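Participant: Encoded as structure tokens, here's the structure I'll be asking about.
No value in this document is a laboratory result; all are computed from the given coordinates. These numbers come from a predicted model, not from an experiment. Methodologically, a virtual Cβ is constructed for each residue, glycine included, from the backbone with ideal geometry; neighbour enumeration extends over all protein chains shown.
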Amino acid sequence: MIASLIALAALALHCAGALAAMHAVMHTRTAQGAFAWVLGLVLLPYFTLVPYLFLGSSHFGGYVDLHRQRQARFFTLHAEEERAARPGVAPHPPPVHDPRYAAIGRMLKTAMQPGNHLSLHIDGAAAFEAMFAAMARAEHYVLVQFFIIHDDGLGRRLRDALLDCRQRGVQVCLLYDSIGSHALPDAYVDALRAGGVQVHPFATRRFRNRLQLNFRNHRKVVVVDGERGFVGGLNAGDEYLGLKPPLAPWRDTHMQIEGPAVADVQRAFAEDWYWVTGERPPSLPPPERCGRASTMIVATGPADRQESCSLFFTQAIHAAQKRVWITSPYFVPDQAVFGALRLAVFRGVDVRILIPSRPDHRTVFMASTLYAHEATLAGIRMFRYQPGFVHQKVMLIDHDTAMVGSMNLDNRSFRLNFEISALNVDDMFAAEVETMLKDDFAQSDEVNPNDYRRLPYLKRVALHVARLFDPVL
């Protein structure tokens, strides 16, 4: 009797695994990911069926409909409304056409906005001081979004700054990721709500997405009065100030935008806010012109028709004629991005990539190590940052283009996470980023192809096994 029940249970699991395998074939975005899931679900459903329920989907049901209607229905203000909302504001100048990045704009239905003033904030202390100072000057509203918020020193400073805004009559909207901020206690959120802050977790929420651990909102956004916008790699926690060994000191980069591009930062936040609340957050148009930089806000995610984050990196790398310098905590590129990097080398482009020397996620670190070795064989110069953990997401192209944002070089950013970055064309800002990265490279060790060969055989096998998990890293 017991044997029969066990046999029936095994048969049921294999049937469920076969059904899940068919779902994986139809819906997994890459052939490699589909093959890996099908193999596991058909042969070992006892071990892979439950993980597939949480990690298998690669399309964000429901949000996609909102995403594709945003311009027409929710977030486009007519010029008359803009002038009424902020009297004396002239219409914005037309977008800049830069043929190097025009395909990115067409893909994401966005544009490169002229007339922005940009500020580079190196590491957490400088970035958060600038954000808190902007919040202290807020008159109308503050929009805040982080992947991770901790109830620690920095997290409580953020809480107090938002509550202070509310006490002055400033409207505050706070959005955090429900998985990234899973440790955030209810008391923290309750205190904000009691003080009048509108605060919500970003969650999949719809039934078909309910079990998914994918589709994390990895964006880090602050907008103040429609005049100042912040994007970058920092979350709200003490480790991002370098206060938590063993990863300290923490190396990260954020940036501040003032000018027309702030409207596009705000629009990305509004999209996420509407998904969660069904309401549009407050908005005001930004000033017409604050500087000389042209900025395109690149907001990507699993709701896009295309694999927009991967295609963004691919096109940006193809645009390079002299150099491509990239820094990312994770180097697990897909074939399109890796191919673009290798082709850039053959065009004579100076390709350098800065990655950590310490792991925060062991499996990703091991896969990155193997990719770093293969990159050096293709002529890509790989560097490991020595003082601490490097978490910044920065790209420098030629003499005039610099990107700062939340995008990593891994499958999660390419296909599963909601991300946001600012692609900036400005000689002076690019020169600042160049100076910053030169200092980072000076504190790094260059990866040698022989480093891999010196590893014990079983260690090399482990690196190759880690790379098998590319689809979920």
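Participant: Test of understanding: ordering LYS393, LYS459 by Cβ neighbours within 10 Å, fewest first, what list do you get? All intermediate terms of the calculation are to be shown ahead of the outcome.
Facilitator: Values: LYS393 27, LYS459 12.
The fewest-first ordering by Cβ neighbours comes to LYS459, LYS393.
Participant: Would you please give the FRET efficiency between ARG280 and ARG460, computed as 1/(1 + (r/R0)^6) with r the Cβ-Cβ distance and R0 = 60 Å, to the nearest 0.05? Please list the in-between numbers first.
Facilitator: On the way: r = 53 Å, r/R0 = 0.89.
Efficiency for this residue pair is about 0.65.
Participant: Tell me the net charge near GLY180. Cut-off is 11 Å between Cβ atoms, GLY180 excluded, with +1 for each Lys or Arg and -1 for each Asp or Glu.
Facilitator: Values: positive: ARG216, ARG219, LYS220; negative: ASP177.
Result for the local shell: +2.
Participant: Here's a follow-up. Under 21 Å Cα-Cα from LYS322, which lysines qualify once same-chain neighbours fewer than 8 residues away are excluded?
Facilitator: In chain and number order, the partners are LYS393, LYS438.
Participant: Taking 0.36 nm per intervening residue step and subtracting the Cα-Cα distance, what contour gain separates GLU288 from ARG193 on full extension? Kindly include the intermediate steps, with their values, before the conclusion.
Facilitator: On the way: separation 95, 0.36 × 95 = 34.20 nm, distance 3.42 nm.
Length gained, GLU288 through ARG193: 30.8 nm.
Participant: Residue by residue, what Karplus-based ³J(HN,Hα) values in Hz, rounded to whole numbers, does the range 415-426 have, using 6.51, -1.76 and 1.60 with θ = phi - 60° and x for Gly and Pro?
Facilitator: 3J(HN,Hα) across the range 415-426, in whole Hz: 9, 10, 9, 7, 10, 8, 9, 10, 9, 10, 10, 6.
Participant: What is the fewest-to-most order of LEU416, LEU241 by other Cβ atoms lying within 10 Å of their Cβ?
Facilitator: On the way: LEU416 25, LEU241 21.
Ranked by crowding around the Cβ, least crowded first: LEU241, LEU416.
Participant: Ranked by Cβ crowding within 10 angstrom, fewest neighbours first, how are LEU468, LEU247, LEU396 ordered? Don't skip to the answer; put the middle values down first.
Facilitator: Values: LEU468 13, LEU247 17, LEU396 24.
Ordered from fewest to most neighbouring Cβ atoms within 10 Å, LEU468, LEU247, LEU396 come out as LEU468, LEU247, LEU396.
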